[in-house]
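Undergrad: This is the structure I have questions about; it appears just below.
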Amino acid sequence: MNAGDAFAGYRIVRKLGVGGMGEVYLAVHPRLPRHDALKVLTSAVQDDPSFRVRFDREAEIAATLFHPHIVPLYDRGEADGRLWISMAYVEGADAAVRAAGYPGKKLPTQLAADIVTAVGSALDYAHERGLLHRDVKPGNILLTDSTPPRIYLSDFGIAKAQDSQTGVTVTGAFVGSLPYVAPEQIRADTHTTGALDQYQLACTAFELLVGEPPYAGPGMAAVLNQHLHAPPPSPRLRRPELPDAVDAVFTRAMSKDPAARYPTCAAFASALAAALRPGAPTGPVVDTSETVPLAGADQTRHAAPPSTERLTPTVRQTRQFVPPDPPPSAPTVRVNSAGHPPGPVDRVTSGGGARRGVLIAVGVVAVAALVAVIALMMGGNDDSADRDPVAGGGRAGTPSAGPTSRTPAAGIADATSVAAGTRGACAVGGGSVFCWGENTSGQLGDGTTTDRAEPVRVKDLTGVTAVTTDSGTTCAISDGTVFCWGANSSGQLGNGSADDSLTPVRVPGLSGVTAISTHSGTTCAVAGGTAHCWGFNDSGQVGDGTTDNRSRPTRVPGLSNVTAISTSHGTSCAVAAKAARCWGLNEAGQHGDGSTDEKVTLSRVAGLKNVTAIDVGYNAVCAIAGGAPFCWGQNDAGQLGDGTTESRSTPVRVGGIDSAESVVAGVAQACVVADGTGFCWGDNGFGQLGDNTTESRSTPVRVVDLSGVSAIGAGEDTACAVSGGKVYCWGEVAT
């Protein structure tokens, strides 16, 4: 198309770039006075019917995301027989171009750290939403010309849809770029996680710091072989002035074993920023590289499990690149953020960020372009668009907007509690634990890593009173003792090791346990009226005044008469002597004390008395005080339940409920049980509020078709409840 041509109502201004899947144009919006980036897909890509189905589904998912380091997707459609997507147009240069302006193509260390922090937060945010990027590289990172620059990750879009099973295109090319491709992409692993993007981010950071990619060779085979088998190279060997600690950071982030990498991209970014901090020691450089002969896949070496000791000794500091109130005349970035006011709602944690936004803007091979690649991360199998809703068990990609009496979870009788996690759930019934869903780390506790469509009984546990689960890790209280199983990269199983376990292991040193919570690599429990936490501690969420990971239970000082506890995404909270206290990550005001300062010490939540329950979600917290629910923190989807989307750093009352018995906070939604009825509010893109719609709500709505509700659980895009001794789930259903 040429300048002045019309397409899908847009007027073409000029071509921005050409990539393997289409062309990208600068175009004038049909009705609004703005320029958009318009990507028009090639006919060769879109001819596959299954691709078109996934394209529509994944574009819809991407359009619901809002994040300060990802540019929004505006629209998508078909015109003249060609699929198209439009997104915000960003003026600036990509990171590769920016680096080319420095001697040796080596960015200043602070700028490199800022880029990795921003991109890491965007990636973690996408991972929480079930999305993989799969093509992180300098050319897909945009920087504006402002000071400091605004940083955006591009290239979220559609490439995974070309072959959801293997991650390769129909022509056999990798979805990704050769200098940054992760070993699991080369192996075509079926269960890929956010660790894939972390590896690519590490390769990108390596290049930005030293001026060249980590691996090179005379041809593709040589580079692929090094990604599979060669030890991570030393950045200091190529840039000797870098501090000593930098090498260890890259060794972990570029491990051949995804499980041995950092638990999140933000954890990698935080460790790198600390290692690059001025004053970090610098010593002689030792060349430990080796020549690796070409080898078959069966010779792939796997790194040892990661150390439970934290590489970053200080509390994470996240730079904020989007000013709280950008001037309307700013010429460098054209992003329509209407409906999403600045302030706490737009603040980003380096552990994952705010929860709704996407950039797809142009370029696989062109410098100024931004191409699209979006991957729905469902255990490595992206066939969810073709599945039917499940009745009586199984996992469905088609959302269920409300439970029905015909579809209880199979095989669970006399259920008393339920926990919804990420792509899975667990329930307590008859004194036993039953789990189902994804099982990549053995989190179902049946001794395997086989995903289960129907509940399976966890081995060797009886007298169970409570269960908690997150993606990869599950814990339960059995006869007053804690048992955990699944992923353990940060020591969250509490048994002093960093080894995963396919079956329950006892957490030593705790007895009389009455409450348990595990999420994001951290676990907390109440034992004998005292609070104990262990595992990942990058923001001080373990509560011992440090940011060192702990592989065994550590008592949280200053708390007594503790009756409830919860941890999630770097923040922990507890009810002690009927007051609510929080510690750890606080960028969205999760501490509830009116501040947004990150603290490793306890903060008392303001204004709450007679607190009986508390639950931490994704950058938001909810509690019950005097029978009424209150929430605080991030509120971009209305998850605080006060009828607004304004974030709050002190508690606000959830409207219309006076006799709440229990409360749960999910990723961007929350639920309570009141008088035998379930109520939910917040994000509803998958029908997780249970009101038979997919319309998000900023005030509570009743969960339909269920009465006599005694327990409720909220995960990422799924919710579950206990009614009449049976378990029902809805949303992106895990039962």
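The values are calculated or read from the model by the stated rules, or taken from the named source; none is laboratory data. Only a predicted model underlies this, so the values are computations on that prediction, with no experimental measurement involved. All Cβ positions, even for glycine, are placed from backbone atoms using ideal geometry, and neighbour counts span all protein chains on display.
Undergrad: Is there any pair linking a residue in region 582-608 that is among the basic types (Lys, Arg) to one that is part of a strand (DSSP E or B), with Cβ under 7 Å and at least six apart or on different chains, and which?
TA: Qualifying pairs under 7 Å: 599/583; 604/579; 604/581.
Undergrad: Residues to consider are 433, 428; find the one that is part of a strand (DSSP E or B), in contact with a Leu (Cβ under 6 Å, 6 or more places away or on another chain) and under 23 Å from residue 413 (Cβ atoms).
TA: The conditions single out 433.
Undergrad: Only one of 462, 474, 450 is in a strand (DSSP E or B), of a type in the set (Ser, Thr, Tyr) and either without any contact (Cβ under 8 Å) to a residue 60 or more places away in the chain or surrounded by fewer than 18 Cβ atoms within 10 Å (Cβ to Cβ) (or both); which?
TA: Residue meeting the stated conditions: 474.
Undergrad: Hey, another quick one. Residues of region 75-97 being part of a helix (DSSP H, G or I) and under 28 Å from the mean Cα position of the chain (by Cα), which ones?
TA: Scanning region 75-97 gives 95, 96.
Undergrad: Here's something else I'd like to know. Between 431, 509, 494, 424, which is within 27 Å of residue 574 (Cα to Cα) and without any contact (Cβ under 8 Å) to a residue 40 or more places away in the chain?
TA: Just a single option satisfies the conditions, and that option is 431.
Undergrad: Do we find a residue being modelled with pLDDT under 80, touching a Gly at 6+ places or on another chain (Cβ under 8 Å) and in the same structural domain as residue 249 (by TED's automatic domain parsing) anywhere in region 188-196?
TA: Checked against the condition, which is being modelled with pLDDT under 80, touching a Gly at 6+ places or on another chain (Cβ under 8 Å) and in the same structural domain as residue 249 (by TED's automatic domain parsing), region 188-196 yields at least one hit.
Undergrad: Of all residues in region 668-693, count the ones that are more than 11 Å from residue 721 (Cα to Cα) and either outside the structural domain of residue 641 (by TED's automatic domain parsing) or in a strand (DSSP E or B) (or both).
TA: Total satisfying the criteria: 6.
Undergrad: Something else about it: What is the one condition in (1) in a loop (DSSP other than H, G, I, E, B); (2) more than 20 Å from the chain's Cα centre (by Cα); (3) at pLDDT 60 or above; (4) under 17 Å from residue 201 (Cβ atoms) that residue 263 does not satisfy?
TA: Single failed check for residue 263: (2).
Undergrad: Could you grab me the full set of residues in region 647-681 that are more than 16 Å from residue 608 (Cα to Cα) and either among the aromatic types (Phe, Trp, Tyr) or in contact with a helix residue (DSSP H, G or I) (Cβ under 7 Å, 6 or more places away or on another chain) (or both)?
TA: Result: 647, 667, 679, 681.
Undergrad: Exactly one condition in (1) modelled with pLDDT of 80 or more; (2) surrounded by fewer than 24 Cβ atoms within 10 Å (Cβ to Cβ); (3) within 27 Å of residue 731 (Cβ to Cβ) is not met by residue 123; state its number.
TA: (2)
Undergrad: Could I ask something else about it? I need a count of the residues in region 635-646 that are buried (at least 22 other Cβ atoms within 10 Å of the Cβ) and either touching a Lys or Arg at 6+ places or on another chain (Cβ under 8 Å) or not assigned by TED's automatic domain parsing to the domain that holds residue 696 (or both).
TA: 5
Undergrad: Could I ask something else about it? Tell me, yes or no, whether region 607-622 has at least one residue that is at positive phi, buried (at least 24 other Cβ atoms within 10 Å of the Cβ) and in a strand (DSSP E or B).
TA: no
Undergrad: Further question on the same structure: Quick one: is residue 528 more than 26 Å from residue 439 (Cα to Cα), outside the structural domain of residue 128 (by TED's automatic domain parsing) and in contact with a helix residue (DSSP H, G or I) (Cβ under 6 Å, 6 or more places away or on another chain)?
TA: Considered against the rule, which asks whether it is more than 26 Å from residue 439 (Cα to Cα), outside the structural domain of residue 128 (by TED's automatic domain parsing) and in contact with a helix residue (DSSP H, G or I) (Cβ under 6 Å, 6 or more places away or on another chain), residue 528 comes out as no.
Undergrad: Suppose we filter region 231-250 for residues that are under 16 Å from residue 200 (Cβ atoms) and either hydrophobic (A, V, I, L, M, F, W, C) or touching a residue at least 40 places away in the same chain (Cβ under 8 Å) (or both); how many remain?
TA: Total meeting the criteria: 3.
Undergrad: Output the number of residues of region 550-566 satisfying the condition of being assigned to a strand (DSSP E or B) and not small (Gly, Ala, Ser).
TA: Matching residues across region 550-566 total 8.
Undergrad: Being at pLDDT 95 or above, of a type in the set (Phe, Trp, Tyr) and closer than 26 Å to residue 126 by Cα is the filter here, so list the residues in region 650-699 that pass it.
TA: 681
Table: residues versus (1) touching a Lys or Arg at 6+ places or on another chain (Cβ under 8 Å); (2) more than 18 Å from residue 503 (Cβ to Cβ); (3) of a type in the set (S, T, N, Q); (4) at pLDDT below 95.
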position: 419; (1), (2), (3), (4): no, yes, no, no
position: 424; (1), (2), (3), (4): no, no, no, yes
position: 427; (1), (2), (3), (4): no, yes, no, no
position: 435; (1), (2), (3), (4): yes, no, no, no
position: 438; (1), (2), (3), (4): yes, no, no, yes
position: 441; (1), (2), (3), (4): no, no, yes, yes
position: 449; (1), (2), (3), (4): no, no, yes, yes
position: 453; (1), (2), (3), (4): yes, yes, no, yes
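Undergrad: Considering only region 77-117, state which residues are within 24 Å of residue 668 (Cβ to Cβ) and touching a Gly at 6+ places or on another chain (Cβ under 9 Å).
TA: Matches in region 77-117: 85, 87.
Undergrad: Also, I was wondering about something else. Just name the residue that is surrounded by the fewest Cβ atoms within 10 Å (Cβ to Cβ) out of those in region 21-62 that are in contact with an Asp or Glu (Cβ under 8 Å, 6 or more places away or on another chain) and at pLDDT below 70.
TA: Applying the filter and picking the extreme gives 50.
Undergrad: Something else about it: When you check residue 227 against the structure, is it touching a Pro at 6+ places or on another chain (Cβ under 6 Å) and either modelled with pLDDT of 95 or more or surrounded by 12 or more Cβ atoms within 10 Å (Cβ to Cβ) (or both), yes or no?
TA: yes
Undergrad: Quick check on my filter: what residues within region 704-735 are part of a loop (DSSP other than H, G, I, E, B) and either within 26 Å of the chain's Cα centre (by Cα) or not assigned by TED's automatic domain parsing to the domain that holds residue 644 (or both)?
TA: Listed by number, the residues that qualify are 715, 716, 717, 732, 733, 734, 735.
Undergrad: Here's another thing I want to ask about it. Take the residues in region 647-681 that are more than 21 Å from residue 706 (Cβ to Cβ) and free of Cβ contacts under 8 Å to residues at least 40 places away in the same chain, then tell me which one is surrounded by the fewest Cβ atoms within 10 Å (Cβ to Cβ).
TA: 653
Undergrad: So residue 150 clears everything in (1) more than 25 Å from residue 41 (Cα to Cα); (2) of a type outside the set (A, V, I, L, M, F, W, C); (3) modelled with pLDDT of 90 or more except one condition, right? Which one?
TA: Unmet condition: (3).
Undergrad: To continue, here is another question. When the residues of region 532-589 are filtered to those that are among the charged types (D, E, K, R) and surrounded by fewer than 24 Cβ atoms within 10 Å (Cβ to Cβ), which remaining residue is nearest to residue 268 (Cα to Cα)?
TA: By that ranking, first place goes to 548.
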